[in-house]
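This report concerns only the one structure given below.
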Amino acid sequence: MANTPRTVVASAPSPPGCSSLAFMPPPPSPSDGELLRSLHRLARDLSSVAETPAPFLRAALASVSRRSKLLATAFDDLVMCTAGDLPRSASLCLREVLLVLQRFKAVAADCAARSRMRLLLQSDEIEEEVRELHQDLATLLDLLPVVELGLAEDVMDLLALASRQCRRFAPAAEAEQELKVRVLTLIQEIEREIVPERERLEEILEEVGINGPASCCDEIEGLEREIGNRASEKWTPTMIALVGLLRYAKCVLFSATPRPSDSKPDPEVDEEVEPPAPPPDFRCPISLDLMRDPVVVASGQTYERESIDRWFGSGKSTCPKTGQALANLEHVPNKALKNLIAKWCRENKALKNLIAMEGSEASKSEPAQAVAANKAALEAARMTASFLVKELSISFSPDAANRVVHEIRLLSKSGSDSRAFVGEAGAVPLLVPQLYSGDAGLQLNAVTALLNLSILEANKKRIMHAEGAVEAVAHIMSSGATWRAKENAAAAVLSLASVHTYRRRLGRNPSIVENLVHLVRTGPTSTKKDALAALLSLAGERENVGKLVDAGVAQVALSAISEEETAAAVLAALAKRGGAEAIVNIDGAVARLVAEMRRGTEWARENATGALVLLCRRLGAQAVTQVMAVPGVEWAIWELMGTGTERARRKAASLGRICRRWAAASAADGERGNVCPAASVVPPAMMAS
């Protein structure tokens with residue numbers, strides 16, 4: 001019997017050091033039946049593809065829909081008539097057709113997701129891509145062996161008709177190009193400070209498909225999202241300018257009542273969401289506060305600029321954290337850390353911290369930002385601010401004023417340049433009377449607009465010098481229609497108090513202090529947090545402390561110490577600047593500080609310990625006796641020395657030394673026959689010298 005020859009297929013050897021798994025064959029292609037079903041389904045989907053939001057591209061996508069309807073009918077016949085495998089040439093050709101249709105679908109989906117203005121800017125690229133896909137599809141339909149497929153004549157006619165239509169497709173780019181030129185010309189005129197004519201602006205936006213406040217807001221949000229995602233580097237400057245232009249158009253053309261969602265609390269400061277405590281690395285090792293302007297010294301350690309400048313200003317030339325002598329006292333900004341802190345503030349809804357950060361740099365960075373910013377966007381923002389302030393000056397009804405103030409609020413939130421333009425246009429004196437409005441929405445929009453404006457250093461001055469502005473903010477804190485408005489008023493005080501001279505003036509105003517105290521006593525969590533932060537800022541001025549103590553700040557801080565970590569910082573600030581005796585005289589104050597030293601957050605434990613050290617140093621035996629009378633205080637000190645932050649350990653060690661000296665003095669008094677004021681058991685670690 002003759003041997004039957006066998007074909008031996010040798011597998012390709014794997015490269016040295018590589019597993020054969022890395023060269024596994026691709027997954028099997030779909031069967032011809034699955035291919036036909038996919039073609040039929042895809043053509044049917046494309047035949048009913050949603051229209052693009054931009055009117056100028058509807059013709060191009062409508063052509064795709066019409067071709068797809070013809071193909072869907074043909075593929076439907078193929079699915080029903082083809083029982084077995086397709087001829088190889090037909091199968092390969094139809095697989096290529098499937099890829100072309102998938103690309104059509106991707107283009108349609110991409111157009112539906114893009115902003116209208118970006119579609120206009122890239123319309124020629126999109127239409128060119130659609131034209132190429134039409135040509136590819138026509139070529140594939142011509143190559144398809146329709147005779148071998150046994151198709152009916154009417155189906156073959158449909159495929160031939162689809163091929164001819166694809167070849168005849170020619171992008172109607174003239175209208176789109178003309179519209180694009182008009183938009184770009186408008187931007188150039190704005191750069192030259194030419195205010196757009198209302199009718200012309202309305203006509204252009206109508207052609208783009210923006211014909212109301214909702215579509216305008218959606219377009220602004222879409223452009224901002226695409227700019228943030230770097231969707232088109234080539235057109236990014238133009239898109240930035242268009243955002244400014246659309247904000248102007250929204251105010252001039254589509255003045256409407258704010259949408260319901262616009263009246264809700266800003267997500268950054270939602271009353272329901274509490275931001276977590278900042279990471280230790282984001283706090284200044286000297287002040288323990290979240291750093292607003294971090295700088296790096298010669299030792300490589302990072303500090304808050306103000307804190308390290310004060311350290312060097314006191315005559316010290318060492319690194320506060322490491323103790324090493326510094327070769328020089330220069331420092332450089334830690335921009336990377338500052339960006340991380342700002343990102344953390346945004347992600348964790350800590351708007352007030354972000355306000356403080358931006359406010360600290362506003363005066364330094366404003367000129368540089370103005371030079372680097374988009375010229376057209378800047379001029380559009382300036383025009384918008386001028387228009388809104390003019391409208392507010394002639395608004396005679398609460399509804400009309402509310403619409404304008406709402407837009408000022410949004411504009412002042414969009415960046416430091418916009419805040420500057422709104423302030424320069426004279427918005428502050430016009431916003432102040434709105435704080436007394438009986439309309440809750442207008443009141444909230446007005447106080448939030450002032451809060452946003454106060455981030456900028458120049459606007460702080462405008463607010464503090466505006467007649468009745470401080471009193472109006474105090475009025476909101478006491479009689480605001482909503483807790484939201486009261487909270488933002490407290491945040492405005494915090495923002496204004498970042499300036500040394502304004503801090504004194506605000507501290508001298510009894511209404512400001514009393515209302516902040518009232519908010520801590522009665523407000524919800526987020527309001528209480530902002531009020532305590534404002535009180536902490538005011539307590540940074542020594543001449544304010546007496547007034548704060550008289551207003552009951554120590555009592556309310558103690559009542560909130562287990563809920564808000566800022567409360568311990570307020571007590572430490574009072575103890576440092578003359579309020580120690582007032583704290584000690586409050587029944588149970590020392591015991592609460594010791595409890596916070598054991599159970600609070602890291603920052604609260606540090607501040608509680610610091611407050612106890614200050615009380616003992618300022619008042620001596622009067623305070624030490626109370627500290628040692630708290631059960632377990634020695635173990636709390638010992639635990640903090642082992643588990644606390646470096647700064648907390650130092651403070652705990654200081655408190656431990658004070659307690660050891662007190663214990664030694666008590667023992668000596670006992671040997672002389674005196675009664676020990678309080679028995680204590682000192683852990684061995686504390687007994688060491």
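The values are calculated or read from the model by the stated rules, or taken from the named source; none is laboratory data. This structure is a prediction, so every number in the text was calculated from the model and none was measured. For neighbour counting, all protein chains shown are included, and Cβ atoms are generated from backbone atoms with ideal geometry for every residue, glycine included. For the accessible areas, the whole protein counts, side chains as well, though only heavy atoms, and no ligand, DNA or RNA atoms are used. Shrake-Rupley method; radii C 1.70, N 1.55, O 1.52, S 1.80 Å.
Quick look at the values:
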read-out	value
Around I561: net Lys/Arg minus Asp/Glu count, Cβ-Cβ under 11 Å	-2
Cβ charges +1 (Lys, Arg) and -1 (Asp, Glu), total dipole of segment 561-620, debye	280 debye
Whole-percent carbon and sulfur share, accessible surface of segment 84-175, 1.4 Å	52 percent
GluC sites (Glu not before Pro) restricted to segment 462-555 and DSSP loop, no more than 10 other C-beta within 10 Å	E467
Rg followed by Dmax, in Å, when segment 175-233 is reduced to its Cα trace	12.7, 33
Accessible carbon and sulfur surface of segment 388-521 relative to its total accessible area, %, 1.4 Å	51 percent
Local electrostatic count at T139 - Lys and Arg +1, Asp and Glu -1, tallied over other residues with Cβ under 15 Å	+3
For segment 459-576: rounded, prolate or oblate by the Cα gyration tensor [a/c cutoff 1.5]	oblate
Per-residue SASA entry for C217, accessible area with 1.4 Å probe, Å² rounded to 10	20 Å²
Three principal axis lengths of segment 524-653 [C-alpha, angstrom, descending]	34, 32, 23
Solvent-accessible surface (1.4 angstrom probe) belonging to E202, in square angstrom, nearest 10	100 Å²
Entries in K321/K343; K486/K528; K250/K413 that, when Cα-Cα distance is taken, lie over 20 Å	K321/K343
Hydrodynamic radius by Kirkwood, which averages 1/r over all alpha carbon pairs of segment 383-489, in angstrom	13.2 Å
Computed accessible area, H518, all protein chains, 1.4 angstrom probe, square angstrom	80 Å²
Whole-number accessible area per residue in Å² for segment 305-347, which is evaluated in the context of all protein chains at 1.4 Å	65 Å²
